[in-house]
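Worksheet: the structure to be examined is printed underneath.
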Amino acid sequence: MTGLLDTNVALYLLGGKLAAALPAADYGVSVITEMELLCWPSLTAEEETRLNVFLSHVIVCNLTPEIRRQAVRLRRDERLKLPDAIVCATALEHGVELWTNDRRLAKVSGLVCRSVSLRA
């Protein structure tokens, strides 16, 4: 895995809102992103199928003891929301860039972030 997609970037990608394609790479998502994508109350069966196809093409990173410890530290030290702390911890533990348009996450110490441009 060479990059982790935050939920916002995954949604932009799925919604066709990216100004340019992501570079060819092996991407992953945190289990938190997987859950956030699938839990929308108004999600149609067609959208759920599309999400599951997308999820089958990325690596879904589960919570390990190391990610849990790192997320707790980030929650405390950086005062992140727990889901954001888990996503950041996942990227840090896997040593990959986090693709996010969340400016707050880009300020997390030690985390390397990349943002995406959106269509006008």
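The values are calculated or read from the model by the stated rules, or taken from the named source; none is laboratory data. The structure presented is a predicted model; accordingly, all values stated were derived computationally and were not measured. Neighbour counts run over all protein chains shown; Cβ positions are idealised from the backbone, glycine included. Just so you know, the surface numbers come from the protein's heavy atoms only, side chains and all, with ligands and any DNA or RNA stripped out. Shrake-Rupley method; radii C 1.70, N 1.55, O 1.52, S 1.80 Å.
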Q: Name the helices (runs of 4 or more DSSP H) wholly inside the stretch 1-75 in which the number of residues that are of a type in the set (Ser, Thr, Tyr) and within 13 Å of LEU98 (Cβ to Cβ) is 1 or more.
A: 7-14, 31-38
(Q) Restricting to the stretch 75-120, and then to whatever is within 12 Å of ASP6 (Cβ to Cβ) and hydroxyl-bearing (Ser, Thr, Tyr), can you tell me which residue is most open to solvent (accessible area, probe 1.4 Å)? (A) SER115
Q. Which residue, of THR90, THR100, is of a type in the set (Val, Ile, Thr), under 14 Å from the mean Cα position of the chain (by Cα) and farther than 22 Å from ARG119 by Cβ?
A. THR90
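Hey, does the stretch 65-74 have a residue that's over 13 Å from LEU5 (Cα atoms), modelled with pLDDT of 95 or more, within 15 Å of the chain's Cα centre (by Cα) and open to solvent by 50 Å² or more (accessible area, probe 1.4 Å)? Walk me through how you get there before you give the answer.
So in the stretch 65-74, the residues over 13 Å from LEU5 (Cα atoms) come out as 65-74.
Filter once more, keeping what is modelled with pLDDT of 95 or more: 65-74.
Remaining after also requiring within 15 Å of the chain's Cα centre (by Cα): 67, 71.
Filter once more, so that each one left must be open to solvent by 50 Å² or more (accessible area, probe 1.4 Å): none.
No, the stretch 65-74 has no match at all.
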Q. Is it the case that the stretch 17-34 has a residue that's surrounded by 13 or more Cβ atoms within 10 Å (Cβ to Cβ), farther than 20 Å from LEU92 by Cβ and free of Cβ contacts under 8 Å to residues at least 40 places away in the same chain?
A. no
